[in-house]
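After the structure tokens below, expect a handful of questions from me.
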Amino acid sequence: MNSEPQKSPAHGSASVDRYDAIIIGAGMAGMYQLFRLRELGLSVRVFETGGGVGGTWFWNRYPGARFDSESYSYGYSFDEKLLQEWNWTEHFSPQPETLRYLELVADRLELCKDIEFNSRITTAVFDENESVWEVTTESGRRALARLLISAVGILSAPTWPRIDGINSFKGEAYHTARWPHDPVDFTGKRVGVIGTGATGVQVIQEIAKTAGHLTVFQRTPDYCTPLGNRPIDDETQRRIKASYPEIFAKCRGSFGGFLHESDARSTLEVSEEEREAFWEKLYRDPGFAMWLGNFSDILFNKEANDLVSEFVRKKIRERVRDPETAKKLCPQNHGFGTRRVPQETAYYEVYNQDHVDLVDLRETPIERITATGIQTSRAEHEFDIIVYATGFDAVTGAFDRIDIRGRGGLKLKDKWADGPRTYLGLQGVGFPNFLTLVGPHNAAVFCNIPRCIEQNVEWVTDLARYMHENGYTRIEPTLAAEDAWTQHVYEMVNMTLLPTADSWFMGANGNVPNKKRTFLAYLGGAPAYRARCDEIAAKGYEGFVLE
Ligand code: NA7
């Protein structure tokens, strides 16, 4: 291994930089992978589309963007000094603070010297003779590496709705995931927001504070539950810092890497009074308590799910004054928790204000965007600003935006046309030496993501070390291993109620033409996933062919 890049004359006439590893993306996964591989003595180059580190937290600068994970469960766990030095100021950190944290990490670890910013990789092609990947950026820069590691994020390819006239609006229009760096002033303005997922809920709460008039366009209401955010006082700060080992141990043992773990009891085995009291408590508890700290069967048993769904609907009705508006805000076509549960702070009370309207797009669909606003089947709404909180081409979208070609010119996009096929969500047949951090069918997709990022990165780092120590230059899973994992992914999700709802977990938001409706995460849980990965490594990377 050589920590300096080499010039390779072999590819074309111009010399091309050659590294041991190329990482795509400088978000939390790419940053940590760079650090770990460099520690091994590898030469590593990161290519990042954005102008700075942070990925999700670099792009999603919309007002109100913040964690839904407890801040102290979200930061990197590997640097004890940093854990002690860094002060999260709120239980659920706002985006500007999180971005500052990630910039600090990049400074401390001197990451930026190995990252090329504003460099979007457009193609990645595997050279079978040399067993190397060649990447090309938008500006034509080429580079080679033995290992290609994607850290592209699961929600990083924003989608705009496919609505006629979308480019004709003459006012300001923003997608939440491509928010400008300068603040947008909503004061006194007429604002329309399309989308009421986790992002829409956060941005609506914030815009309502200053807008002159806010109109929310909702296609599917979600079961939003209270975030319970508050500042972290000095005493709590001390307690958090003294208990990081316990915090991370708890996350490590929990299904989704969160501080919340489900209650072993069944919804149906307890009395109605006990159930109601438990749900009242969970509804008051911060973060994902209601979703992930609930009875163990709410996502498996329809009867249990119906009960908890009705409990949350009842809460919505209690909080929204106008019964018609409350009805529109109550989900009916899916069960609680079968889609990502948005976390809110006085979200429902927004609709009690005179300057806020809710438009139900199932009753009155949008017909077109006009020069001055949004035309539904019932009315034309005029706006100064339209905000699109319409989500992402989830999980596979960021891969599809790169022309990735493996053995025999196989395109990754074609391989995954009927849904992803991977082994462990980390690698697919036909794509030697290409490893996908937080890839489709990886437990990290349904996880308090940094916790699972650390597991993914450490596993890949161990693999890189193993390959070097044993003189291997090529790794690829067997078809049998890929088949078995893909089948296992579907078996796990089919035991749950998640496939009954359209959600980004299912790749189903209607904005991506021809996207197959299929499950994109892995629902076996982070601890079982980690154990499986460790077992496979201990058996000399069982299910992979190393050459
Ligand atoms: P989501 O959860 O995919 O939500 C997108 C929202 O936008 C959702 O309410 C959609 O309605 C709505 N949407 C999307 N396309 C349209 C069109 N064409 N017309 C009307 N409404 C539309 O994305 P988020 O950014 O909120 O959250 C993504 C994740 O980021 C979240 O889960 C957290 O993990 C962080 P639909 O429900 O599809 O009917």
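Just so you know, all these numbers are worked out from the coordinates, no wet-lab data involved. In this text, all values refer to a predicted model and were calculated from it rather than measured experimentally. Cβ atoms come from the backbone with ideal geometry, glycine included; neighbour counts cover every protein chain shown.
If you plug each phi of the stretch 488-499 into the Karplus form 6.51 cos²θ - 1.76 cosθ + 1.60 with θ = phi - 60°, what whole-Hz ³J(HN,Hα) values come out, in order, with x for Gly and Pro?
4, 4, 6, 4, 5, 5, 6, 7, 9, 8, 4, x
Report the Cα centroid-to-centroid distance between the stretch 241-304 and the stretch 317-344 in angstrom, as an integer.
Measuring centre to centre over Cα atoms gives 20 Å.
Give the residue from V308, S296, L268 lying farthest towards the positive end of the charge dipole for the stretch 254-336; charges sit on Cβ (+1 for Lys and Arg, -1 for Asp and Glu) and the dipole is referred to the Cα centre.
Of the candidates, V308 comes out farthest on the positive side.
Still on this structure, please answer the following. For S131 and K539, FRET efficiency with R0 = 30 Å and r from the beta-carbon atoms, rounded to 0.05? Provide the component values of the computation, followed by the final result.
On the way: r = 23 Å, r/R0 = 0.78.
After rounding, the FRET efficiency stands at 0.80.
By a straight-distance test (C-alpha under 30 Å), which lysines pair with K315 as possible cross-link partners, with residues fewer than eight away in the same chain excluded?
K209, K250, K281, K302, K327, K328
Let me ask something else about it. Can you run phi through the Karplus equation (6.51, -1.76, 1.60; θ = phi - 60°) for the stretch 270-275 and list ³J(HN,Hα) in whole Hz, with x for Gly and Pro?
9, 6, 4, 4, 5, 4
On to the next question. Could you list the residues of the stretch 294-310 with an amide nitrogen less than 15 Å from a label point located 7 Å from the Cα of E272 in the Cα-to-C-beta direction?
Counting backbone N atoms under 15 Å from the label point, the list is 307-308, 310.
In addition: Under a point-charge model restricted to the Cβ atoms of Lys and Arg (+1) and Asp and Glu (-1), what is the dipole moment magnitude of the chain relative to its Cα centre, in debye to the nearest 20? Display every interim value, and only then the final one.
Working: 62 positive and 76 negative charges, 172 e Å.
Charge dipole, the chain, about its Cα centre: 820 debye, nearest 20.
Please give the helix 95-108 orientation as an angle from the longest Cα principal axis of the chain, in degrees from 0 to 90, rounded to the nearest 10.
20
Taking θ as phi - 60°, what are the ³J(HN,Hα) couplings along the stretch 282-291 by the Karplus curve (6.51, -1.76, 1.60), each to the nearest whole Hz, with x for Gly and Pro?
4, 5, 7, 5, x, x, 7, 3, 5, 7
Could you give the size of the charge dipole of the stretch 235-292 about its Cα centre, using +1 on the Cβ of each K and R and -1 on the Cβ of each D and E, expressed in debye and rounded to the nearest 20?
560
Still on this structure, please answer the following. When every alpha-carbon pair in the stretch 254-336 is counted, what percent end up more than 20 Å apart?
Here the long-distance tail beyond 20 Å is 35 percent of all Cα pairs in the stretch 254-336.
Next up: Using the Cα centre of the stretch 254-336 as the reference point, and only Cβ charges (+1 on K/R, -1 on D/E), how large is the resulting charge dipole? Debye, rounded to the nearest 20.
480
Between the alpha-carbon centers of the stretch 498-542 and the stretch 53-95, tell me the distance in whole angstrom.
For the stretch 498-542 versus the stretch 53-95, the Cα centre distance is 25 Å.
Taking 0.36 nm per residue of sequence separation and subtracting the Cα-Cα distance, how much length would be gained by fully extending the chain between Q6 and D483, in nm to one decimal?
Between Q6 and D483, full extension yields an extra 168.0 nm.
Okay, moving on. Can you run the Rg to Rh ratio on the stretch 224-290? Use alpha carbon positions and the Kirkwood inverse-distance Rh. Intermediate values should be presented prior to the final figure.
Details: Rg = 14.6 Å, Rh = 14.0 Å.
Here the Rg-to-Rh quotient is 1.04.
In 10 Å bins starting at 0, how do the alpha-carbon pair distances of the stretch 396-547 split up by percent?
Over the stretch 396-547, the share of Cα pairs per 10 Å bin runs 11, 41, 36, 10, 1 percent.
Moving on to the next point. Please compute the net charge surrounding L412, taking Lys and Arg as +1 and Asp and Glu as -1 over other residues with Cβ under 9 Å from its Cβ.
Overall, the nearby charge balance is +1.
Quick query: amide H of D263 versus all other amide H atoms, modeled in the peptide plane; which residues come in under 5 Å with a sequence gap of 5 or more or a different chain?
N294, F295, S296
Same structure again: Place +1 on the Cβ of every Lys and Arg and -1 on the Cβ of every Asp and Glu in the chain, take the dipole about the Cα centre, and give the residue among N448, Q343, S156 whose Cα lies farthest towards its positive end.
The one lying farthest along the dipole's positive direction is S156.
Separate question: Quick check: convex hull of the Cα atoms in the chain, volume per residue, rounded to a whole Å³?
Value for the chain: 153 Å³ per residue.
Modelled label-to-label distance, R368 and R141, 7 Å Cα→beta-carbon offset: nm?
Going from the R368 label point to the R141 one covers 4.3 nm.
What length, rounded to one decimal in nm, is gained on full extension from Q332 through to R178, with 0.36 nm per residue of separation minus their alpha-carbon distance?
Stretched out fully, the Q332 to R178 stretch lengthens by 52.3 nm.
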